[in-house]
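K.L.:
One structure follows; several queries about it will come next.
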Amino acid sequence: MQSSSSSFSSLNKSGGIGVGRRSVYVGLLVILLPVFFPNLFSPLSHASPSIFSEWNAPKSRHLPLLEGALQRQTSYEEQSDLWTPLANQGWKPCDVSSHVAEKARICPGISGRRTESAKNGVAVAKILNATLVIPYLEVNPVWQDSSSFTDIFDVDHFIDVLKDEISIVKQLPKAYSWSTREYYATAIRATRIKTAPVHASANWYLENVLPVMQSYGIAAIAPFSHRLAFDNMPMDIQRLRCKVNFQALAFVPHVKTLGDALVNRLRYPSRKSSVVSTEYLEETSDERHKQGSGKFVVLHLRFDKDMAAHSACDFGGGKAEKLALAKYRQVIWQGRVLNSQFTDEELRNQGRCPLTPEEIGLLLAALGFDNSTRLYLASHKVYGGEARISTLRNLFPLMEDKKSLASTEERAKIKGKASLLAAVDYYVSMHSDIFISASPGNMHNALVGHRTYENLKTIRPNMALLGQLFLNKSMGWSEFQQAVRDGHRTRQGQIRIKKEKQSIYTYPAPDCMCRA
């Protein structure tokens, strides 16, 4: 589970061994090498494997379905329908023309990994008639990523897009350095407000933050993530948030350059990398081959150790895996995972188990994607490494990721930086023909909203349906395929109107989108 903390602050403008024994040692060394150096034994893996992976690989949990999927055939009509872009749904992005704001106070510093802090921070600055200081991001305790806001986002673009809405400065003026945490160390400074409720109203900020700003010239709100309501906000504030999310937040040039290179290589691969097998090509008509030509799917495979442990589900790794995840769960969350109170069957019936690489592969196959589909894998570390990914790769041999598509030199600027790695994946995802996430989460929600805004095809897995289907061990491939298709006909990017308390960044209609 990825965690982040955030804040928002404001200022006022003012010897010899025998051959036999040596052989024994050499044999023992060979046996133990995978235990101590697992990465050396996963040459095809694009993610770090867990300790149980290659030498205790989990077996297929859905072998009959897997066999049916490997023999699948998709008609020309099905392929055509699958790759057809979404039709016009009668909605378009609203006009977010700038409204010149009177500039009075300065509001510096949001910190937090999530971009929602930045989006809501701009909105709060507007409410307080303040100037925003470019956010400071704390080192994430899970990923240990020290990337700053300026490392991830194009700050000049950010400032330029919002220049007629609020005033933005890149650094906190030295005159106000006395208000920083570094100045006060661990002391609680008078300018810090830590009582902001989740989903606070605009009036809360006017009543509780504005007086502090007027007294000290600066106020710091920490934590800040999710501290601004999505409901009962003035329309100009809502439209400003839309403008920040869909226009102002752009990645730094080197992320876009790498992203463009990856997209180009996915759309126009060399003939060598695009050929699945001679036998397959001989069986494929020219017209059918053109259906997926130049197109690709992005799969966000959200299956890391945190996700697996927090779900409390059984993923087929046997007793060793169950014990490892239970121990990890206890150390990280200390008994606060409520899911552990339910059986695996109960969790799957409720749709609360993340899809494994095998299961997401079966879903894609059932939807009609064949083995000529170019699949881009967007993920950080896959729990189980190549041992878990191998089944998915068997179903979709043209599977790529950052490491397979880009050289070490090209990836140098993002190496070891989780935020930048995710930024590249996000960029590629926004340029894909189809996006699908194995399980709901922050990136899933952000991309679903952004692609809805752009009217792009996005498949949302029906988790409860899939959980129930995978529990049915007597179901054959044809029945499974039909159930999957029926259950996903209205889950491919259709507009969903935002309900109360839902995020406008995930459900942009009607706050960010207007009737065409």
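Read the figures in this text as sums done on the coordinates, not as results from a lab. Worth saying up front: this structure is predicted, and the values here are computed from it rather than measured. Backbone-built Cβ (ideal geometry, glycine too); neighbour counts: all protein chains shown.
K.L.:
Taking 0.36 nm per residue of separation and subtracting the Cα-Cα distance, what length does fully extending S293 through S478 add?
P.N.:
Using 0.36 nm per residue and subtracting the Cα-Cα distance, I get 63.9 nm.
K.L.:
Still on this structure, please answer the following. Among A509, T490, F480, which residue has its Cα positioned farthest towards the positive end of the charge dipole of region 477-516, with +1 placed on the Cβ of Lys and Arg, -1 on the Cβ of Asp and Glu, and the dipole taken about the Cα centre?
P.N.:
A509
K.L.:
Tabulate in residue order the Karplus-calculated ³J(HN,Hα) for region 208-221, using 6.51 cos²θ - 1.76 cosθ + 1.60 with θ = phi - 60°, rounded to whole Hz; enter x for Gly and Pro.
P.N.:
My calculation for region 208-221 gives 10, 9, 4, x, 5, 4, 5, 7, 10, x, 8, 9, 10, 10 Hz in order.
K.L.:
Expressed as a rounded percentage, what relative contact order does region 285-380 have, with Cα pairs under 8 Å and six or more residues apart?
P.N.:
Values: 72 pairs, mean separation 49.3, N = 96.
Reported as a whole number, the value is 51 percent.
K.L.:
Let me ask another. How far is it, in nm, from the label point at E454 to the one at E77 when both lie 7 Å from their Cα along the line to the Cβ?
P.N.:
Calculated label separation equals 3.2 nm.
K.L.:
Using a Förster distance of 25 Å, how high is the FRET efficiency between A464 and R61, based on the Cβ-Cβ distance and rounded to 0.05?
P.N.:
Rounded to the nearest 0.05, the efficiency is 0.90.
K.L.:
Give the cross-link partners of K457 among the lysines, using a straight C-alpha distance below 23 Å as the criterion and excluding same-chain residues fewer than 8 apart.
P.N.:
Those lysines meeting the cut-off are K92, K243, K256, K290, K295, K402, K498, K499.
K.L.:
Once label points are set 7 Å from the Cα along Cα→Cβ at both W178 and W333, what is their separation, rounded to one decimal in nm?
P.N.:
Roughly 4.6 nm, to one decimal.
K.L.:
Please list the equivalent ellipsoid semi-axes of region 318-424, computed as the square roots of five times the alpha-carbon gyration tensor eigenvalues, in descending order and whole angstrom.
P.N.:
Details: eigenvalues 169, 94, 29 Å².
Its equivalent ellipsoid spans semi-axes of 29, 22, 12 Å.
K.L.:
Nothing charged except the Cβ atoms of Lys and Arg (+1) and of Asp and Glu (-1): what's the magnitude of the dipole of region 383-429 about its Cα centre? Round to the nearest 20 debye.
P.N.:
160
K.L.:
If you don't mind, there's one more thing I want to ask. Say each of A190 and I497 gets a label point 7 Å from the Cα, pointing the same way as Cα to Cβ; how far apart are those two points in nm?
P.N.:
5.0
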